[in-house]
Every structure is written in C-alpha cells, then in structure tokens.
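A short write-up of the structure that comes next.
None of the figures in this text is laboratory data; all of them are computed from the coordinates on show. From a predicted model like this one, the values you see are computed outputs, not experimental measurements. Positions of Cβ are generated from backbone atoms using ideal geometry, with glycine treated the same way; all protein chains shown enter the neighbour counts.
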Amino acid sequence: MPPFEKLPKDQVKVTSSTVMNNLQGKRLWLIGASTGIGRDLALLLAKEGVAVVISARNEGALQSLIQEMKPVETELGSHSLVVYDVKKMDMAKGAFEAAGELDGIIYCAGAYEPMTAHKPNLVALEEMVEINYCGAFRVLAEIVPRFVQRKSGYILLIGSISGYRGLPNAWGYGATKAALMHLAENLKCDLMGSGVRIQICNLGFVETRLTDKNNFKMPFIMDTKSAAQRIVKGMKSKRFEIAFPLIMVLALKFLALLPRPLYFTVISLMGNKSDRNS
C-alpha cells in the first residue's frame with residue numbers, strides 16, 4: 001500500500017472494548033515494525049487474531065513482513081502497512097488517517113547508540129530523542145483526542161529498564177526511556193475514567209541490531225521472539241507496566257529506591273569503566 005492511502009471504511013471496524021485479555025478481533029497500529037522486536041511482535045499479534053497495521057520508514061521491509069503475515073487473516077480482513085517516519089512532524093496526521101479505524105496503538109520505534117559523557121555524539125543523541133520520545137508525542141497528539149472522544153482506545157509504549165535510573169554507557173538513550181516512562185504515567189493520570197487504557201513495557205537486553213553495538217556483557221539477554229511473547233502476555237494482563245526480565249527489573253527498581261549518594265557509591269563499586277568503553 002502506498003504511503004497514506006487510506007483504507008476504505010468498509011474494510012475496517014473497531015470493537016468497543018479496550019480490554020486486551022482477548023486480542024482476537026482487535027485492530028492495532030504497530031509503529032516500528034520493520035525489524036527486531038517490532039517485527040516479531042507483528043507476526044505474533046497476527047497469530048493472535050489481531051488485524052495489524054504496520055509502520056516504519058523502510059517500505060521494503062514492511063512489504064516483506066506483510067507477505068509473511070498474509071496467511072494469517074482475521075475477521076477484520078487482511079493486514080496493511082503505512083510507511084511512516086516518526087521524525088517528520090508533518091507526516092503524523094496523514095499516517096494516522098491512513099491507518100484507519102483502530103482499537104489501539106503500539107509505539108515500538110527506537111534508536112540506540114551506546115555513549116558516555118566522555119565522547120558525546122550530538123547527531124546520535126538527537127536521533128534518539130527524535131525517535132524514542134518526540135516521535136511518540138507526534139503520534140499521541142493525533143490519537144489521544146480521538147480515543148478520548150469515542151471513550152475507548154489502547155496505547156502501549158515500548159520502553160526500557162534503563163530508564164529507571166541513570167546508568168553508565170547510556171548517555172542519551174536512558175534519558176529518552178526515562179522520559180517515555182514519565183509520559184506513560186502522565187497519560188495514565190490524565191486519562192483515568194476516559195475509557196482509554198495505557199500500558200508501558202520496559203525491557204531488558206534483547207538481541208537486535210541495536211544491542212549488537214554493545215561491547216559489554218548483557219545479562220539475561222533474550223531473543224526477539226521471546227520478548228514479543230512476553231509483551232503479548234503482558235498486554236492481556238491488567239498491569240500498567242510490563243517489565244522483564246524479573247531479576248534485572250527487581251535489581252534496578254531496588255537501586256532506584258536508594259538515596260542518590262548511596263546509589264552513586266554502589267555504581268562506583270560495580271566498577272564503572274565507561275570512559276574506556278566509549
């Protein structure tokens with residue numbers, strides 16, 4: 001499908017319920033679907049009976065994914081794609097309208113560059129801010145008012161446990177994920193009683209082209225299929241936060257409770273060598 005070709009109304013419909021304990025029959029827009037977690041999540045959602053609208057910048061990758069999803073049809077019809085660059089402010093409205101009627105959205109777009117304050121890369125920093133955070137705002141600015149108006153909708157933001165507290169080697173990236181957590185909490189507070197359901201998924205290390213850039217040990221790293229399975233399981237729950245792996249989540253949440261002087265002491269005792277790894 002060409003960018004911003006709106007689906008005919010008779011090809012789409014949405015359900016009134018935003019409860020995701022049964023995903024079958026839902027129609028979800030997945031942004032950041034061309035590779036990694038997003039790609040496997042799209043495939044798994046299709047198998048769950050979701051009509052998936054997939055978006056990313058790479059049209060070729062989206063076309064390939066659509067072909068792989070084709071055998072899994074749903075009661076809402078075939079899956080579709082909308083080419084969309086989240087960095088471009090003027091594309092948000094057109095992309096949303098092209099996606100058609102939706103039960104919800106999953107924002108999975110992400111950029112990552114390992115970095116320390118010793119050697120900042122401004123281009124990479126701005127890329128992470130634009131994709132990880134500002135892109136979410138652009139989409140939500142179009143979607144939230146319409147979901148509120150009809151009194152139903154579902155929003156899932158894909159974050160990272162690196163946002164729980166400032167960590168070595170995460171200059172820029174961790175800040176964007178902390179901001180995304182804050183945004184999810186803002187939405188939860190503002191939209192209570194509106195019929196719009198909010199979730200955030202905070203992940204540990206997942207094997208993708210992004211984590212391939214790391215030159216340090218990544219504990220409890222998992223593959224993208226396992227991550228997608230955990231996300232879908234979390235979507236069916238009533239939890240606000242989906243977070244895994246559990247051991248890392250508990251460890252980082254414990255560290256987040258520490259007073260700053262004690263926290264920085266713990267980090268220093270762990271042997272922060274970020275100046276040599278940058």
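Farthest toward the positive end of the dipole of the chain, out of N22, P245, L255, is the Cα of L255, where the dipole comes from beta carbon charges about the Cα centre. Dipole magnitude for the range 9-277: computed about the Cα centre from +1 point charges on Lys and Arg Cβ and -1 point charges on Asp and Glu Cβ, it is near 680 debye. For the range 187-269, the C-alpha radius of gyration divided by 2.2 N^0.38 Å, with N the number of residues, is 1.35. Ranked for footprinting exposure by Cβ neighbours inside 10 Å, fewest first, K236, K188 give K236, K188. Once the mean of 1/r is taken over each pair of separate Cα atoms and inverted, the range 9-277 shows a Kirkwood hydrodynamic radius of 19.1 Å. As a proxy for reagent exposure, I66, I37 were ordered by neighbouring Cβ count within 10 angstrom, fewest first; the result is I66, I37. Listed cross-link partners K88/K233; K93/K225; K70/K151; K87/K177; K47/K88; K87/K253 are compared with a 20 Å cut-off, the Cα-Cα value being larger for K88/K233; K93/K225; K70/K151; K47/K88; K87/K253. Dimensions of the range 103-233 along the principal axes, based on C-alpha atoms and rounded to the nearest Å, stand at 47, 32, 22, largest first.
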